[in-house]
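Okay, so here's the structure we're looking at.
The values are calculated or read from the model by the stated rules, or taken from the named source; none is laboratory data. Bear in mind the structure is a predicted one, so any value in this text is a computation, not a measurement. We place every Cβ from the backbone using ideal geometry, glycine too, and count neighbours over all the protein chains shown.
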Amino acid sequence: MAEFLQLVFSGLTVGAVYALVALGFTLIYNASDVINFAQGDFVMIGGMGTVFLTAAGLALPVAAFIAIVAAVMVGLALHRFAIQPARGASPVALIMITIGASIFIRGVAQIVFDKQFHSLPAFSGSDPIHLGGATILPQSLWVMGGALVVVAGLYAFLEHTLLGKAVLATAANRLAARLVGINVTVILALAFGVSAAIGAVAGILVTPITLTRFDVGTLFALKGFAAAMLGGMGNPLGAVVGGLLIGLLETFGAGYLSSTYKDAVAFVAILLVLLFMPRGLFGGRSVERV
Amino acid sequence: MLVALLRSRLAALLLLAAIMALFPLIAPSAFYLRVAALVWIFALAALGLTILMGYAGQVSLGHAGFLGLGAYGVAIGPAHLGLPPLLSLVLAAALAGLIAYLVGRPILRLKGYYLAIATLGFGMILALVFNSESAVTGGPDGMAVARMTVLGWRITGALNWYWVSAGALLVGAWLALNLQASPSGRALRALHDSEVAAAGVGVNVAAKKLSAFVIGAVYAAFAGGLLASLNGLITPEASSFMQSIELVAMVIIGGLGSVFGAVVGAAFLVVLPQALTAFQEYEQAVLGLLIMVFMIFLPDGIVPTIRRWLLERLS
């Protein structure tokens, strides 16, 4: 039982990070139909940026803030210089553009930063908290709490502000949104900026637990993408549930089956879900128009 | 005359054969021949993906998995099963085809992004197996590969490998061009444009997609086997996600659906890192930037763009 609980704790911790990455995917996908493979690199920028800024003597909150702003800048630049000029390209071309962007960001990061693994000190100590026979690190609570705050904040923004409703309107129907006077280009840029910020926050929260390096983005992107798919592409609730599920599956797979095939467990699960529910867990039925 | 040549499907084959025949005459050293052999091998793998992506319009982000299957087949056959390398290559390619058949049946029902993630997941699983089963595959360090022998002739040296890989590519290109012009090729292009319309005129969409997937897998496995034999060493890198991406980039940069485009794309992505060795730090950044620039400004790829330009000038 204690072991089970332990696995639940660590599963929810990584799951929360995947959920945030998946949420970033969803936001951009809804606004622009683009799958942004550079989403994982925002996580890297958040983590690496904070590591290097604190090493330069800045206080953690200041460093974290600057790192988030930097990620947002990169997100906006990605939209302005890579996505916007390629308007009307095929989905495969768009995938390749964002993968190219991801490789580019990684390449630049290994020059700007370095190729070493880095860590941050835990935000509030590293004495494990005992809970029902299992232990949980304070940093795990930071990750889960942070994810909760981001999800709640995003929900409030989308449902209760005019700008958020403009994002939803753009996601629902771009042409109709333009017709009622929404500046769609600004909304798309906003989606990229907010996604980048969410990714960076995830990176900052998780770095004390998992370490970070210039190339950690790839795996985060793949898992986050998988989580978004699992939940049903384009559904924010699905993204969060999908992220948590992938995190839990992975840790339970590692705990009870084999830790070498931890990543495979997640992908096998996705393959099965896609085969039996091709639209994901929360995806609507699709009607194909000819 | 020139216009007719540009339109004919033999033009690509003739041009390719001419380049293959002439290159050894101007190559300054064995190193250049080796790089050229790598280009032919990766072009063969890209050609398989061209059939899947360019003809049938189905994306695969896990195609390097099949490359790895062929490569490890050639490595494991002689090392653990005592099979001759050439037989191992053929068996590995057949196995890749069989796995593609079994996996493709359920996966190819998916479309667009869903197909992308499914193939990606499949490729990741294969890469993980190669990485983890150290007893058989040597784990992350990889394993040595026995010399390839054909009827008692041991293939060694850059020049021999150049001709072997060039021959393999030429056969592969010839088959791909024939497929393009066959009823099957037309059916594939029909379902590329509209699955519903293709089904409406009697194309068995599921079977045609599956056959394109299997053919693509066999091409990649053959290329992987040649790659492993040429290098004498194979590591899980050959089946990594990045390798899959590079294969897709070759196909798209060269020109989606163009046989000669696959060769140009492969040449581009194989030669680029060699040209950038002096700036190794910047290699990734440059690669990423180039992929982006090509996708944005030359979405049709190099070969179709040049061909259209030539046709306009000449006619």
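Things to note:
- Every residue from the stretch A:206-248 that is closer than 25 Å to B:Gln284 by Cα and not in a helix (DSSP H, G or I): A:Leu211, A:Thr212, A:Arg213, A:Phe214, A:Asp215, A:Val216
- The stretch A:73-93 - residue that is among the aliphatic types (A, V, I, L, M) and touching a Ser or Thr at 6+ places or on another chain (Cβ under 9 Å) and, of those, surrounded by the fewest Cβ atoms within 10 Å (Cβ to Cβ): A:Ile83
- Helices (runs of 4 or more DSSP H) within the stretch A:120-203 that include 2 or more residues β-branched (Val, Ile, Thr) and under 29 Å from A:Pro61 (Cα atoms): A:138-160
- Listed by position, the helices (runs of 4 or more DSSP H) inside the stretch B:108-225 whose residues that are under 18 Å from B:Leu95 (Cβ atoms) and either modelled with pLDDT of 80 or more or within 14 Å of chain A (Cβ to nearest Cβ) (or both) number at least 3 are B:112-132.
- Residue count for the stretch A:269-282, restricted to those that are more than 7 Å from every other protein chain (Cβ to nearest Cβ) and without any contact (Cβ under 8 Å) to a residue 24 or more places away in the chain: 3.
- Unmet criterion (only one of (1) under 20 Å from the mean Cα position of the chain (by Cα); (2) touching a residue at least 60 places away in the same chain (Cβ under 8 Å); (3) buried (at least 18 other Cβ atoms within 10 Å of the Cβ)) for A:Ser119: (3)
- Subset of the stretch A:94-115 that is of a type outside the set (A, V, I, L, M) and more than 8 Å from chain B (Cβ to nearest Cβ) - its residue that is surrounded by the most Cβ atoms within 10 Å (Cβ to Cβ): A:Thr98
- Residues that are within 12 Å of chain A (Cβ to nearest Cβ) and within 23 Å of B:Arg308 (Cβ to Cβ), drawn from the stretch B:235-256: B:Val248, B:Ala249, B:Met250, B:Val251, B:Ile252, B:Ile253, B:Leu256
- Top-ranked residue in the stretch A:38-79 [being within 14 Å of chain B (Cβ to nearest Cβ) and of a type in the set (A, V, I, L, M, F, W, C); ranked as farthest from B:Leu298 (Cα to Cα)]: A:Met44
To keep it simple, each residue is scored yes or no on (1) among the aliphatic types (A, V, I, L, M); (2) loosely packed, with under 15 Cβ neighbours inside 10 Å; (3) more than 16 Å from the chain's Cα centre (by Cα); (4) within 28 Å of B:Arg109 (Cα to Cα).
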| residue | (1), (2), (3), (4) |
| --- | --- |
| B:Arg9 | no, yes, yes, no |
| B:Leu14 | yes, yes, yes, no |
| B:Ala18 | yes, yes, yes, no |
| B:Ala21 | yes, yes, yes, no |
| B:Ala30 | yes, yes, yes, no |
| B:Arg34 | no, no, yes, no |
| B:Leu38 | yes, no, no, no |
| B:Gly48 | no, no, no, yes |
| B:Tyr55 | no, no, no, yes |
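- Which numbered condition B:Ser229 fails, given (1) in a loop (DSSP other than H, G, I, E, B); (2) among the hydroxyl-bearing types (Ser, Thr, Tyr); (3) touching a Phe, Trp or Tyr at 6+ places or on another chain (Cβ under 9 Å): (1)
- Of the residues in the stretch A:203-223, at least one is in contact with a Lys or Arg (Cβ under 9 Å, 6 or more places away or on another chain), in contact (Cβ under 8 Å) with a residue 24 or more places away in the chain and among the basic types (Lys, Arg).
- Against the list (1) away from every other protein chain (no Cβ under 14 Å); (2) crowded, with 16+ Cβ neighbours inside 10 Å; (3) touching a residue at least 24 places away in the same chain (Cβ under 8 Å), the condition B:His80 fails is (2).
- A:Arg174 passes every criterion in (1) of a type in the set (Lys, Arg); (2) more than 30 Å from B:Asp193 (Cα to Cα); (3) more than 10 Å from chain B (Cβ to nearest Cβ) apart from (2).
- First in the stretch B:23-38 and under 25 Å from B:Gln243 (Cβ atoms), second anywhere and among the β-branched types (Val, Ile, Thr) and modelled with pLDDT of 85 or more, Cβ under 6 Å, 6 or more apart: B:Leu38/B:Val270
- Exclusive hit being surrounded by fewer than 20 Cβ atoms within 10 Å (Cβ to Cβ) and within 16 Å of B:Leu15 (Cβ to Cβ), set B:Leu276, B:Leu272, B:Leu310: B:Leu310
- Selection over the stretch B:242-289 of residues that are closer than 25 Å to B:Leu52 by Cβ, in a helix (DSSP H, G or I) and of a type in the set (S, T, N, Q) gives a count of 2.
- Subset of the stretch A:179-221 [touching a Phe, Trp or Tyr at 6+ places or on another chain (Cβ under 7 Å) and of a type in the set (A, V, I, L, M, F, W, C)]: A:Ala196, A:Ala200, A:Leu205, A:Leu211, A:Phe214, A:Ala221
- Number of positions in the stretch A:35-72 that are under 26 Å from B:Ile117 (Cα atoms), of a type in the set (Val, Ile, Thr) and surrounded by 24 or more Cβ atoms within 10 Å (Cβ to Cβ): 2
- Of all residues in the stretch A:251-265 being more than 8 Å from every other protein chain (Cβ to nearest Cβ), part of a helix (DSSP H, G or I) and not aromatic (Phe, Trp, Tyr), the one that is nearest to B:Ala116 (Cα to Cα): A:Val265
- Among the residues of the stretch B:75-99, those identified as over 20 Å from B:Leu170 (Cα atoms), at pLDDT below 90 and in a helix (DSSP H, G or I) are B:Ala75, B:Ile76, B:Gly77, B:Pro78, B:Ala79, B:His80, B:Leu81, B:Pro85, B:Leu87, B:Ser88.
- Any hit, the stretch B:138-155, residues being within 21 Å of B:Ala266 (Cβ to Cβ) and among the small types (Gly, Ala, Ser): no
- Any hit, the stretch A:80-93, residues being out of contact with any helix residue (DSSP H, G or I) (no Cβ under 6 Å at 6 or more places or on another chain), in a helix (DSSP H, G or I) and away from chain B (no Cβ under 11 Å): yes
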